[in-house]
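Step one of this worksheet: look at the structure below.
Since every read-out is calculated from the coordinates, none of them should be taken as a lab result. Computed from a predicted model, the values in this text were never measured in an experiment. Backbone-built Cβ (ideal geometry, glycine too); neighbour counts: all protein chains shown.
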Amino acid sequence: MGRSVLPAGPCCAAVLVIRCDHDHYFGPVATKEEKRMTTDSTPHEFTDVTSLYEITKVLASATDLRECLEQIMEVLAATHGMHNGTVTIINPTTSQLEIEVAQGMTAEARKRGKYEMGEGITGRVVASGTPIVVPSISDEPLFLNRTRARGDISQKQISFFCVPITHGRQVIGALSVDREYDLVVNFENDLQFLTILSSLIAQAVVRIQAVNEERRLLLRENTSLKRQLSGKYKISNIVSNSSRMLEVFDMIHRVADSNATVLLRGESGTGKTLVAKALHYNSNRSEKPFVVVNCSALPETLLESELFGHEKGAFTGADSVKKGRFEMAEGGTLFLDEIGELSQAVQIKLLNVIQDREFQRLGGVAPIKCNVRLVTATHVDLEKAVEAGTFRDDFYYRLNVFPVYLPPLRKRRTDILLLAEHFLAEFCRENNKKISRISTPAIDLLIQYHWPGNVRELQNCIERAVLICDGDTIKSFHLPPTLQAADNVSAKNPLSFAAAVENFERELIVEALKHTNGNQTMAAKYLDSSLRIINYKIHKYGIEPRHYKTER
């Protein structure tokens, strides 16, 4: 005859189930004498409060679910004599119950510990949301012992407790423990204690799972962003078809996977930062950080701290240890822009880092090894700076290992229209506009302009044009005044009123002739003007209508 204890209701009061050959009937858990013995025994309140305090501390600081559950099982074994503590969680994919952690159980045994809903005692607890106590597992046929962690249970007097782990109204798993069978043990007290513990575990499980899910999503987003950056800064994605830039691409391919220091030379706005990113994201360091420092944007007193970091108390306001950019870029690439603006004191310290591959934090004494690929850029004529004594010659030779010169935009005019169309598509997408093309007069102005600000100036010019354009075509009057004056007056003089009117009229007539396939009469109607006036303007501005006739 076996015995098992089941809860009678919401209060978790246990009742005894007597299993006979033919009948089942319910009765009290123990006799009055047994209850008296249990009540008069040593109270559990102090032990329960102490262990719950320890368990709460573990759960509050836990970030790893398995690790914190193992610590809880150790507390239960030490304070309550409860062994083989096991937490079983529902796998949302398979809907099976799988052991998350089990005290003293091998990995092989944990793999065997899988249950369907309603299968065995654990399955019944999760399916019903009701706790179960088995006073003696050797007498209970429902106890499957699937993990075989207890060996032969037929001769063992072990009590088994299993309580559901619930979050809100949803059962997410079960907590089970073994305890040496003892007639005077108050099963109801242990059951209540384990029920409280299971609710604490449920909160921790949900919290840690949410944190892990958020971390997983962040990692996925980070990986996706890295992949996008890698794609965005592929060498093939740098917009150019000029022969001089093709030489630059070839040099990038040659040096990308090396550890050589690269010096990017060229005027401001030629795309040195873009090339530096292409070097990084096309190298074997692409999965590591790409860190940028603009050397001209920081005063000398702060630059050293930014580059090398500082120790706590290194100077007034240094309340904690701070990592420098070299440490942040460990394993990756450090891009030092405007390197020609560095003071000689900082040049010496950087020279030592390049030579020895180690540095010291500000206020520190221990050297820190670094594995960083250095890419630098400048628009300054370093050779003249070396002659003038403002730039150290030994530092110059350390930087000038692999120089790459980026030509100004005026020396690669074939790229102007290509870049303009690229920026037009980019800014239309950003501003949700539908501008299909750039008019011929506007293209002429773009090509004729000398672009002192290089690609950056062209980018700003197209962005401005997109913002003020209300139609489907960028026209010359959408461009800045400096460009509209390019073919009429010197760039040093402001655009005159008459010149601006002429540019505007010329563009309107050309657009009308394009629209009417070079037909002057229809162009006059399109512009709501007379044929005489349109013919006069055509001759005045030297426009050839036949150039706008196309075969249809």
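What the table shows:
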{"read-out": "For MET245, net neighbour charge (Lys/Arg +1, Asp/Glu -1) across residues whose Cβ lies under 9 Å away", "value": "0"}
{"read-out": "Over 30 Å between alpha carbons, listed pairs LYS111/LYS156; LYS272/LYS312; LYS111/LYS288; LYS322/LYS384; LYS411/LYS549", "value": "LYS272/LYS312; LYS111/LYS288; LYS322/LYS384; LYS411/LYS549"}
{"read-out": "Cα centroid separation - segment 335-370 against segment 262-295, whole Å", "value": "19"}
{"read-out": "Tail beyond 25 Å, pair distance distribution of segment 410-548 (Cα, percent)", "value": "31"}
{"read-out": "Paramagnetic reach from GLN355 in segment 396-411 [backbone N under 18 Å; point 7 Å along Cα→Cβ]", "value": "396-401"}
{"read-out": "Residues PHE504, PHE315, PHE335, PHE427, sorted so that the one with the fewest Cβ neighbours within 10 Å comes first", "value": "PHE315, PHE504, PHE427, PHE335"}
{"read-out": "FRET efficiency estimate (nearest 0.05) - Cβ-Cβ, THR50 to LYS111, R0 22 angstrom", "value": "0.05"}
{"read-out": "Overall Cα dimensions of segment 236-348 - principal axes, largest extent first, Å", "value": "53, 29, 22"}
{"read-out": "Förster-model FRET efficiency, 56 Å R0, ILE468 and TYR397, C-beta, rounded to 0.05", "value": "0.70"}
{"read-out": "Neighbour net charge for ALA318 - beta-carbon separation under 12 angstrom, K R +1, D E -1", "value": "+1"}
{"read-out": "Net length gained if the chain between ARG215 and ASP250 were fully extended (0.36 nm per residue, minus Cα distance)", "value": "8.6 nm"}
{"read-out": "In nm, spacing of pseudo-spin labels at ILE348 and THR414 (7 Å Cα→C-beta vector)", "value": "4.9"}
{"read-out": "Full-stretch length increase - LEU298, SER61 - with 0.36 nm per residue and alpha-carbon distance subtracted", "value": "81.3 nm"}
{"read-out": "Long-range HN-HN contacts of VAL171 with modeled amide H, under 5 Å", "value": "none"}
{"read-out": "Amide hydrogen neighbours beyond the local backbone of VAL101, cut-off 5 Å, H modeled", "value": "VAL87"}
{"read-out": "Cleavage-rule hits (trypsin sites (Lys or Arg not before Pro)) in segment 404-438: DSSP loop, at most 10 neighbouring Cβ within 10 angstrom", "value": "LYS434"}
{"read-out": "R0 of 25 Å, Cβ-Cβ distance PHE315-VAL386: FRET efficiency to nearest 0.05", "value": "0.20"}
